[in-house]
Amino acid sequence: MSDTTLQRTRLGRSWITKISIMAIVSLAFGLWGLYDALVVYPGRGNRAAQALELQYYKAFEQEKGAITRDISVDDPKTRLATLKQNPARSSRDEALYQWLDALDTIGKLTAENTTIPRTDSFRGVEISTPAEPYRDLSAIKTPDTPLAKWDIPIQWLIFAVGTGVGLYLSVLIMRVAGKSYRWNPTTQELHLPDGSTILPADIDEFDKRKWDKFLIDLKVRLGHDRLSGKVVRLDLYRYDPLESWVLEMEKTRFPQADADKAIPEDSSAPESTGEDSKEA
């Protein structure tokens, strides 16, 4: 029988369905994390920082009596570090700390976002006097909750795990699809993906200890041209109809095992003649 007429395995329907769904869900989960990391959480962090900037302006005005250019923070990183070391902060310093900390969380703790004049990176407008951001930010009615330090890193972790698992499963599907088993129903010759072949007579043992996991180990006889003494593991879940082929080979190799299964358990008991019941 030529190679073109040999039967070939196909991907198991249950396996490919399950793995495909898992891959799609994982990739979608990862892309969701990416969107949150790049858009949703930074946007919320930006809005929260603007609201905290307004609170700083109000605290500054309450303490100083007016909004002046002293409200500008030329070195926000150093200022934030100093404020962290002083837990007994005034109302103004506490408001400044909350604002700078929110900017640090979203990676925007730079002088370009804390000095005046500046181009506001949140709204894309030019700010030339301290009164301008105070007036504009006062329009905020429902400020967003500031981000926790781990909010954005967690989204990146979700992206990494989700896409990593999704890509791994996608590669697994391609690898499994790239292999196939071939079968000669006349001779019961099984052609393995590596090019070797085995017949029922080549198998000394059909090890079914992992049958519940759709795995079977075939112990090949000594003297086989390529697999002498080796154990060949077959995944019956990934390939159809590999399981039925293996069972055919087992039935041919060990026909007595099937015959034993067909004998009723009580067949060895002597037939009743009816005499015992009469004596009773």
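Points worth noting:
- Annotation: peptides 112-120, 229-237, ranked by per-residue average of other Cβ atoms within 10 Å with the highest first, follow the order 112-120, 229-237.
- Fully extending the segment from Asp74 to Ser180 would add 31.5 nm, taking 0.36 nm per residue of separation and subtracting the current Cα-Cα distance.
- Volume of the convex hull of the stretch 168-234 (Cα atoms only), normalised per residue: 109 Å³.
- Solvent-accessible area per residue, Å², over the stretch 43-112 with all protein chains present [probe radius 1.4 Å]: 51
- Peptides 92-103, 239-250, 68-79, 157-168 ranked from most to least packed by the mean count of surrounding Cβ atoms within 10 Å: 92-103, 239-250, 157-168, 68-79.
- Of Lys230/Lys251; Lys210/Lys230; Lys179/Lys219; Lys84/Lys149; Lys77/Lys108; Lys208/Lys251, those spanning more than 19 Å from alpha-carbon to alpha-carbon: Lys230/Lys251; Lys179/Lys219
The values are calculated or read from the model by the stated rules, or taken from the named source; none is laboratory data. Bear in mind the structure is a predicted one, so any value in this text is a computation, not a measurement. Methodologically, a virtual Cβ is constructed for each residue, glycine included, from the backbone with ideal geometry; neighbour enumeration extends over all protein chains shown. Areas reflect the complete protein model, heavy atoms only, side chains present, ligands, DNA and RNA absent. Shrake-Rupley method; radii C 1.70, N 1.55, O 1.52, S 1.80 Å.
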